[in-house]
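Engineer: Let me give you the structure first, and then I'll get to my questions.
Only the coordinates and a few stated rules stand behind these numbers; no lab work does. Quick caveat: nothing in here was measured; it's all calculated off a predicted structure. Cβ atoms come from the backbone with ideal geometry, glycine included; neighbour counts cover every protein chain shown.
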Amino acid sequence: MAGAIPALRILTSLTLMLMVTGCTMLGPDFTRPEVPTPSIWLTTDEVLTGEPGEQAEWWKLFNDPVLDSLIDTAYRQNLPLQIAGLRIIEARAQLGIARGIRYPQLQQASGAVSAVELSENGPNFSPAAADGEFTNYQAGFDAAWELDFWGRFRRGIEAAEANLSATVADYDNALVSLTAEVARTYVTIRTQEERLALAQANIGLQQESLRVARVRFENGATTELDVQQALSSLAETQALVPILQKSLRQANNGLSILLGMPPADLTEVLGGPGTIPVAPVQVAAGVPADLLRRRPDVQGAEQQAASRSALVSVAVTDLYPSFSLLGSIGYQSSDTGRSSAGDLFDSDSLFFSAGPAFRWNILNYGRIRNNIRVQDARLQQALVNYRNTVLTAYREVEDAMVAFVQSQKESGFRATSAQAAKRSTEIANIQYREGSVDFQRVIDTERTLVAQQDLWTSARGDIALNLIAMYKALGGGWEIREGRDFISDENRSEMEQRTNWGDLLTPPSEK
């Protein structure tokens, strides 16, 4: 055993030298791409301000408790959001794998007992010099440690960390979309309810006109033409009811799925028919520079590019040799004349081997360089995608802003038109009863009233819908998950019953 001491010293010195010098990091270091950023929004109006407003829970600006409750329920029960949360748990485990590769990669404890009988006809067999039949006992440990000489594993950790950040951003983006979709569907339901109520009110008005036309026809004051025109106009308005009821039911079904439940009657949840949520007088839109910080999809695109950058570096390390430390240590004994099974763990039974090794893929026929090119092309795609994501974000905000501003102006004109149509209908009916105008005037005014009231209601709904779209484009709503875990208690319980997850499922507040 004395001869092993110099070998151990040489091995230790070599190991320390490789560990000290193994600080090289090959490949590109990621930097965020530059994208032109406007200083102010293109859309300007007195209803929009550049102040940093409340965007974490923007839906509360509508002051609608039912909407607040729906979003809270969707946050807790929406199934696609739960899938996004589970992807974060998966990314956490993948990061754990990447971190574990820094340590000895191949390690195996082994033990064996084998009966051996040598062939007497084998070469160099001498019964006097060897035991032809014996039992061999062996126990030991093998290990191999590839040193991170070129930063391969550290770059792998960078890629896994960026991927984890990207999955968190994907979750946040899903939450932004969820809150906006719940609000949008809720506004659609309220708009359809108001349109249905107006259609039913106009049906009542036209039924009265039909009654008057029949009375006048029966008294000989008019012809049957007035009755048939009244009946046609009434049926046309009545046909709107099943169309609106169909849209209302479909919107209810969509809301049910967003709430994580099968299609159901949501009358109790919605508290019966209601009114369209009213937008505030002024809305704080912030400044364009805030968008890159708030939009989760922008953050996710950046992290995806960062992950790709690290993978380019991992591919580059394949051009260079890899250095490893190999070692094996154990005990071996046999029941020959000099030893027995009881001597297995004696010092004389100890054996070991250790030393450095390297591997270099020289004859790879361009595979390594082409893999680098593949990874670099993917990196460039991610960088371009980041720029496109930023530009798309600015466009979505501007689109929503101009739609919000112009829908308010449209609603004002629609209100004037609807009020004038209502007054025209009243006058036409009075004049018809007096016989000063024919029934066509009544039909025309009533049809105009139905159309203008419906358009006005839709325009008021568009105001709320466009405000929702604006806050979605601004990236508001994801902040409600701060301080909470990404998975539900139910999912955590099921997973813990199957697998030992360590602390990966522990909520941040409990760590």
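Engineer: To the nearest 10 degrees, how steep is helix 296-316 against the longest Cα principal axis of the chain, on a 0 to 90 scale?
Structural biologist: Once rounded, one gets 20 degrees.
Engineer: Relative contact order for the chain using alpha-carbon pairs under 8 Å, separation at least 6, rounded to a whole percent? Mind dumping the intermediate values first?
Structural biologist: Details: 721 pairs, mean separation 130.2, N = 511.
Once normalised by length, the contact order is 25 percent.
Engineer: If each DSSP helix of 4+ residues adds -39,500 (n - 2.57) and the sum is divided by the residues in the chain, what number results at 222 nm, nearest 500 deg cm²/dmol? Kindly include the intermediate steps, with their values, before the conclusion.
Structural biologist: Numbers: 12 runs with 296 residues, N = 511.
Taken over the chain, the calculation gives -20500 deg cm²/dmol.
Engineer: Which of Thr506, Thr237, Thr389 comes first, and how do the rest follow, when ranked by fewest Cβ neighbours within 10 Å? Kindly include the intermediate steps, with their values, before the conclusion.
Structural biologist: Details: Thr506 12, Thr237 23, Thr389 19.
Ordered by Cβ neighbours within 10 Å, fewest first: Thr506, Thr389, Thr237.
Engineer: Right, something else. Arrange the following residues from fewest to most other Cβ atoms within 10 Å of their Cβ: Arg87, Arg498.
Structural biologist: Working: Arg87 18, Arg498 7.
Neighbour counts put them in this order, fewest first: Arg498, Arg87.
Engineer: Nearest 10 degrees is fine. How inclined is helix 152-218 to the longest principal axis of the chain, computing both from alpha carbons?
Structural biologist: So the inclination is approximately 20 degrees.
Engineer: When the dipole is taken about the Cα centre of segment 175-290, and only Lys, Arg (+1) and Asp, Glu (-1) are charged at their Cβ, what size is it in debye, to the nearest 20? Intermediate values should be presented prior to the final figure.
Structural biologist: Numbers: 8 positive and 11 negative charges, 11 e Å.
That gives segment 175-290 a dipole magnitude of about 60 debye.
Engineer: Also, I was wondering about something else. Extension gain Asp503-Val287, at 0.36 nm per residue separation less the Cα-Cα distance, in nm?
Structural biologist: This chain segment gains 73.8 nm when fully extended.
Engineer: Using Kirkwood radius over Cα pairs in Å as the read-out, say which of [x] 30.3; [y] 22.7; [z] 23.4 was calculated from these coordinates.
Structural biologist: So the structure-derived entry is [x].
Engineer: Tell me the label-point distance for the pair Asp142, Ile257, using the 7 Å Cα-to-Cβ offset, in nm and rounded to one decimal.
Structural biologist: Here the answer is 5.4 nm between the modelled labels.
Engineer: Taking the Cα centre of segment 379-511 as origin, sum charge times position over the Cβ atoms of Lys and Arg (+1) and Asp and Glu (-1), and report the length of that vector in debye to the nearest 20. Mind dumping the intermediate values first?
Structural biologist: Numbers: 16 positive and 20 negative charges, 98 e Å.
In total the dipole reaches around 480 debye.
Engineer: Can you find, among Ala115, Ser488, Ala418, the residue sitting farthest towards the positive end of the charge dipole of the chain, where Lys and Arg contribute +1 and Asp and Glu -1 at Cβ?
Structural biologist: Ala418
Engineer: So, one more: May I ask you to derive the relative contact order of segment 193-241, considering only C-alpha pairs under 8 Å and at least 6 residues apart, and to give it as an integer percent? It would help to have the intermediate numbers written out before the result.
Structural biologist: Working: 32 pairs, mean separation 24.6, N = 49.
50 percent.
Engineer: Near Gly461, within a Cβ-to-Cβ distance under 14 Å, what is the net charge of the other residues, with Lys and Arg +1 and Asp and Glu -1? Walk me through the numbers on the way to the answer.
Structural biologist: Working: positive: Arg184, Arg190, Arg195, Arg414, Arg460; negative: Asp64, Glu193, Glu194, Glu410, Asp454, Asp462.
In short, -1.
Engineer: Next question. Output the 0 to 90 degree angle, nearest 10, between the alpha-carbon long axis of helix 439-473 and the longest principal axis computed from the alpha carbons of the chain.
Structural biologist: 20 degrees
Engineer: Listing Lys422, Lys472 from the residue with the fewest other Cβ atoms within 10 Å to the one with the most, what is the order?
Structural biologist: Placing the least packed residue first, the sequence is Lys422, Lys472.
Engineer: Quick check: net charge around Gly254, other residues with Cβ under 12 Å of its Cβ, Lys/Arg +1 and Asp/Glu -1? The partial results should precede the final answer.
Structural biologist: Numbers: positive: Arg184, Arg249; negative: Glu181.
With Lys, Arg at +1 and Asp, Glu at -1, the net is +1.
Engineer: Can I ask one more? Just name one of Ala144, Pro65, Gln303: the one whose Cα is farthest towards the positive end of the charge dipole of the chain (beta-carbon charges, Lys/Arg +1, Asp/Glu -1).
Structural biologist: Gln303
Engineer: Separate question: So how strong a dipole does the chain carry about its Cα centre when Lys and Arg Cβ are +1 and Asp and Glu Cβ are -1, to the nearest 20 debye? Could you put the intermediate results ahead of the total?
Structural biologist: Details: 45 positive and 61 negative charges, 254 e Å.
Magnitude of the dipole: close to 1220 debye.
Engineer: With labels modelled as points extended 7 Å from the Cα through the Cβ direction, what inter-label distance (nm, one decimal) is found for Gln406 paired with Val47?
Structural biologist: Going by the 7 Å Cα→Cβ label model, 1.3 nm.
Engineer: Here is a further query. Place +1 on the Cβ of every Lys and Arg and -1 on the Cβ of every Asp and Glu in segment 214-256, take the dipole about the Cα centre, and give the residue among Ser232, Ala221, Leu244 whose Cα lies farthest towards its positive end.
Structural biologist: Leu244
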